[in-house]
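Only the coordinates and a few stated rules stand behind these numbers; no lab work does. Please read these numbers as outputs of a predicted model, since none were measured by experiment. Cβ coordinates were reconstructed from backbone atoms using ideal geometry, including for glycine residues, and neighbour counts include every protein chain displayed.
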Amino acid sequence: MFGFGGVLPWARRMVVEQKRWLSPAEFTDLLGLCQFLPGGNVMNVTIAVGARFRGAAGSVAAFAGLMAAPVACVIGLGVIYDRYSQAPTVRHAFAGLAAAASALVLANALRVAGPLRARPIGLTVAVATCLAIAVLRLPLALVLVGMTALSTVLAWRRADE
Amino acid sequence: MNEGGAIASLAVVFAQLSLLAFGGTNSVLPEMQRQVVTVHHWVSAQEFAALFALAQAAPGPNMLVVTLIGWHVAALPGALATTLGVAGPSSALTFVATGVWYRFRNAGWRKLVQAGLAPVTAGLVMASAVLLIRTTTIGWGTGAITVVAALLFLFTRLHPLLVLAAATVLGALGLPA
């Protein structure tokens, strides 16, 4: 519920510093796994921490705890949006908000791509993936499997040399 | 399409997205937009952008746009269908994977796949940004908001919510027109 602008720092503070359920190294390791798997990182961390301590029931409880309040809150906003979205001022306000939300994703993209500047091959793969999705509009599953295979082979050949 | 059918297809679409969401929900935004706007006509492109913005402004994990789309299409049953649809498969995989993780954490192939996956997920988030910006830039005003806000997010420690609020006020004052 406190997760304005991302839950992860809060989750870390709670799990590692306050409750001491995991050591910092264990948390980093678990986060590495969760970033590797598909799905929201925070959601995966929640499932993994829950599973670690109470098995399936722990995962379900942790997931419900993570999601219940934010889901209720966002549905509340959705109700307000559905009711007032026709009013011109509200529409304009939303255009402004949406433009800034796009900027949030742009900033996120630049941050993720930042470390690739030193790796020309990685950067080329990233740009090709972006073009395949955003310009050519190829299906995600195809692009994901094809580019990951290509990119992994390139990483393997480089490691081999 | 009847109500039950709509809810079932919402759940199926989002369950498929769940297993493709390497690097988080932001990397499947273009596919999500294609499915809900172009394929199923559940929302318009503008509504998609507005719902995404709304979810960003709300507290909680940034996958909540999924809940909002479900709510918009079929109220509470729809919201539950999309939320559990997007969370279920990836969570089940995570649950299973935590068990075997320690065995492979130093395996060479795992590091290679991880190294291979990193640029691809970066490209997917870049594509999400491109498509969102294309939808939300409806004039010079909104374009300027995106550029300035991105610079603020990247180079200052301002709270993101503050920037989102400022953009909303600027929008209400009629800047994007």
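Points worth noting:
- Here's how it looks for B:PHE22: its modeled amide H is under 5 Å from those of A:GLY39, which are all 5 or more places away or on a different chain.
- Full extension of the chain between A:ARG117 and A:THR89 yields a length gain of 5.9 nm, computed as 0.36 nm times the residue separation minus the alpha carbon distance.
- Helical segments meeting 20 Å axial Cα length and Kyte-Doolittle 0.0 threshold in chain A (DSSP H): A:41-84, A:88-113, A:120-134, A:140-160
- Sequence-ordered 3J(HN,Hα) estimates for the stretch B:139-145 from the Karplus curve with 6.51, -1.76 and 1.60 and θ = phi - 60° stand at x, 5, x, 5, x, 5, 4 Hz, glycine and proline given as x.
- Our coupling estimate for the stretch B:159-169, obtained by passing each phi through the Karplus curve with A = 6.51, B = -1.76, C = 1.60 and θ = phi - 60°, is 5, x, 5, 5, 5, 4, 5, 4, 5, 5, 5 Hz, Gly and Pro reported as x.
- More than 19 angstrom apart: percent of Cα pairs within the stretch A:1-89: 47
- Estimated FRET transfer efficiency when R0 is 35 angstrom, pair B:LEU76-B:PHE155 (beta carbons, to 0.05): 0.30
- Computed over chain A, the percent of Cα pairs more than 21 Å apart is 64.
- Plainly put, the stretch B:3-105 has a radius of gyration that is 1.01 times its Kirkwood radius, both from alpha-carbon atoms, as the Rg/Rh ratio.
- Counting neighbouring Cβ atoms within 10 Å and putting the fewest first, the residues B:THR82, B:THR25 line up as B:THR25, B:THR82.
- Each principal axis of the Cα cloud of the stretch B:45-177 was evaluated for its coordinate range; sorted largest first, these ranges are 57, 39, 25 Å.
- Scattering profile of the protein assembly as shown at q = 0.11, 0.15 Å⁻¹ [log10 I(q)/I(0), Debye over alpha-carbon scatterers]: -0.71, -1.34
- Spin-label model distance (nm) - A:THR124 vs A:LEU138, 7 Å beyond Cα toward Cβ: 1.5
- Stretch in chain A that is longest and holds no trypsin sites (Lys or Arg not before Pro) that DSSP places in a loop and that have at most 16 other beta carbons within 10 Å: A:21-136
- With a Förster radius of 56 Å applied to the beta-carbon distance between A:ALA57 and B:TRP140, the computed FRET efficiency rounds to 0.55.
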